[in-house]
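The values are calculated or read from the model by the stated rules, or taken from the named source; none is laboratory data. As the structure is a prediction and not an experimental result, all values here were calculated from the model. Virtual Cβ from ideal backbone geometry, glycine too; neighbours counted across all protein chains shown. When the accessible area is computed, the model is the full protein with side chains, heavy atoms only, and any ligands, DNA or RNA have been set aside. Shrake-Rupley method; radii C 1.70, N 1.55, O 1.52, S 1.80 Å.
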Amino acid sequence: MRLENSKIVAALPELGVELRKGTALADQTSLGIGGTTDLLRTKKHETIPDLLSLLDANGISHKFLGGGSNLLVGDGELPWVVLQLARPEPDVVFEGNVAHVDAAADLGRTVTFCAKNDLGGMEGLIGVPGTVGGALRMNAGAYGMQIGSYVREVKLYRAADRKIEILKGDQISFEYRHTSFAPDDMMLAVKLELPSKPFKEILQGIRICNEKRRSSQPLGQKSAGCIFKNPPGASAGRMIDELGLKGHSAGDARVSDLHANFFVNAGKASATDMLTLIADVRERVHKGYGVDLENEVVVWNA
Ligand code: EPU
């Protein structure tokens, strides 16, 4: 979708918004898949309610993009514009054991930066691509930890109330790859309360997680991490693997040879290829195990 209304375009600079016309979302997602639309990069949190009122008043639908690392975007010209927070400098500020982190901060860099300040707990998240906001929205986790455990406060744009709100940690429920945030809430910033740990100790934990991840996940390839959530008490990757589906493909979308719950873009995969592969594998798992796998990857299909 292109913003053609000159009044809207003229209002953007004052709202702290940079317009990137005709952005290929394939370049913004770790899968390297996705069509084209106008991207609005916003440098100010405070003007987001006004920006969204302006878009709504003009019937322009929108979506919020984080780091694009857990996302499958449809092909072609997309019927909505995309909003993305610009990363401020600095994006992490410490106050004792509390890290004030902007939602646009890179997750891995934040884990490392906290470690350098002797704050640990998030070692398992090293190697998880994406932003802190994205990790928060879906309660990203790995190796026995999840980001939600450390959340003291979240600043977000609440679409239902059309305003910026602050939620305390205990007002939010964090479950396995799921939170009580509404789908149209936009994460803006978070206060994480982290346990004190010497840098060297944290570094050791980070190294162990890095090694485990490198040996079991196709990190160098274009993927969106795990495609399906694990069903209770089981592993989606193991089931897909046991069905002999490693290397199974639809066009250039392919089940990874290293981890069967990672589907990679092995060349010029389209969203249609990836969706075909997802549907095919889901059906085979259903036939083989009677289990309906739920998507972990977020799909923005036009
Ligand atoms: N397994 C196989 N074949 C495979 C993949 C896995 O047999 O192709 C087996 C493994 O050998 C292991 C078991 O299945 O015995 C579990 O595998 P793994 O330890 O890789 O964990 P997972 O359940 O597949 C989850 C998360 C990952 C996270 C890892 C490490 C989900 C859907 N996946 O994977 O998160 O990195 O644990 O904690 O919860 C993601 O969220 O995108 C993601 C990759």
What dipole magnitude, in Debye to the nearest 20, does the chain give about its Cα centre under +1 on Lys/Arg Cβ and -1 on Asp/Glu Cβ?
480
Rounded accessible area of HIS248 (nearest 10 Å², 1.4 Å probe):
50
Measuring from centroid to centroid over Cα atoms, what is the spacing of region 43-109 and region 1-27 in Å?
14
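Rounded to the nearest 500, what is the chain's calculated 222 nm mean residue ellipticity when only DSSP H runs of at least 4 contribute -39500 (n - 2.57) each, over all residues? Write out the running numbers ahead of the final one.
On the way: 7 runs with 76 residues, N = 302.
Taken over the chain, the calculation gives -7500 deg cm²/dmol.
Quick one: of LYS168/LYS197; LYS155/LYS212; LYS63/LYS197; LYS116/LYS168, which pairs are farther than 28 Å apart, Cα to Cα?
On the way: LYS168/LYS197 24 Å; LYS155/LYS212 33 Å; LYS63/LYS197 38 Å; LYS116/LYS168 26 Å.
Too far apart for the 28 Å limit: LYS155/LYS212; LYS63/LYS197.
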For LYS287, give me every one of the lysines with a C-alpha distance below 29 angstrom, ignoring sequence neighbours fewer than eight places off in its own chain.
LYS222, LYS229, LYS246
Restrict the search to region 212-282; then list the trypsin sites (Lys or Arg not before Pro) that DSSP places in a loop and that have at most 13 other Cβ atoms within 10 Å of their Cβ.
LYS268
Sequence-distant or interchain residues sharing an amide H contact under 5 Å with GLU294, placed H: which?
LYS229
Of GLU211, GLU193, ordered by accessible area with the largest first and a 1.4 Å probe, the sequence is GLU211, GLU193
What lysines could a cross-link reach from LYS7, if we take a straight Cα to Cα line under 19 Å and drop same-chain neighbours fewer than 8 places away?
LYS21
Roughly how many Å is it from the Cα centre of region 238-301 to that of region 176-215, as a whole number?
26
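Give the dimensionless ratio obtained when the Cα radius of gyration of the chain is divided by 2.2 N^0.38 Å. Each step should come with its number before you reach the end.
Details: Rg = 19.7 Å, N = 302, 2.2 N^0.38 = 19.3 Å.
So the chain has a normalised radius of gyration of 1.02.
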Which residues qualify? For LYS63, with a placed amide H closer than 5 Å and at least 5 residues away or on another chain, they are VAL81, VAL82, LEU83
